[in-house]
Amino acid sequence: MIQFISRAGRTLATATLIGTFLSTVPLYGVQAQQTAPAPSAAQPAPHMATSDKHSADRVEQRIKDLHAKLHITAAQEPLWSTFAQTMRDNGQTMRASMVDRSTRLKTMNAIDDLKSYQVVADQHSEGLKRLIPAFEALYASMTPDQQKNADHIFGERQHQHHART
């Protein structure tokens, strides 16, 4: 029973940490964009295209770093690829949401602002629902040493995240 609780706690901590991987566009960046004029529907504003590229680069860097730190084996590559692609897809969805939100932010009232943030939060939650099973499959394929290492990596990242907030 204690082992189950411990594993459940690690799973919850992992889910929380994985959520940080979905946050590819910092909210403070959106507020900084608030003062910029809204782009036309035909063409995104240059700062948004740059932000989108930077955000995609951050996701790719996280994927690369995790791959190395988790010591993914050749046999685990198919599961890793699924996990990594899910991270990419989630990042793209979040970037699109944040760009949409930021283009409308200047004309929103307080209620619209909260509702648009709810959409972003819902997409974040849906992204976790897709990401967790991909990571669970990968985690299940890991050796006990890899799992222990993953637990440490995710726990360390969680501590870093809390230290910044």
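Cross-link candidates for K148: which lysines have Cα within less than 26 Å, leaving aside residues fewer than 8 places away along the same chain? Within the straight-line cut-off, K148 pairs with K64, K69, K129.
Full extension of the chain between E60 and H124 gives 21.2 nm of extra length, using 0.36 nm per residue less the Cα-Cα distance. By accessible area, using a 1.4 Å probe on protein heavy atoms only, the stretch 89-138 has 55% of its surface on carbon and sulfur. Straight-line cross-link reach from K53 at under 15 Å between alpha-carbon atoms covers these aspartates and glutamates, not counting any fewer than eight positions away in the same chain: D89. Using Cβ point charges alone (K and R +1, D and E -1), the dipole size of the stretch 78-126 about the Cα centre works out to roughly 180 debye.
The values are calculated or read from the model by the stated rules, or taken from the named source; none is laboratory data. Predicted model, so just to flag it, every value in this text is computed and none were measured. FYI the Cβ positions are ideal-geometry reconstructions off the backbone, even for glycines, and counts take in every protein chain you see. Protein only, heavy atoms only, side chains kept; ligands, DNA and RNA dropped before computing areas. Shrake-Rupley method; radii C 1.70, N 1.55, O 1.52, S 1.80 Å.
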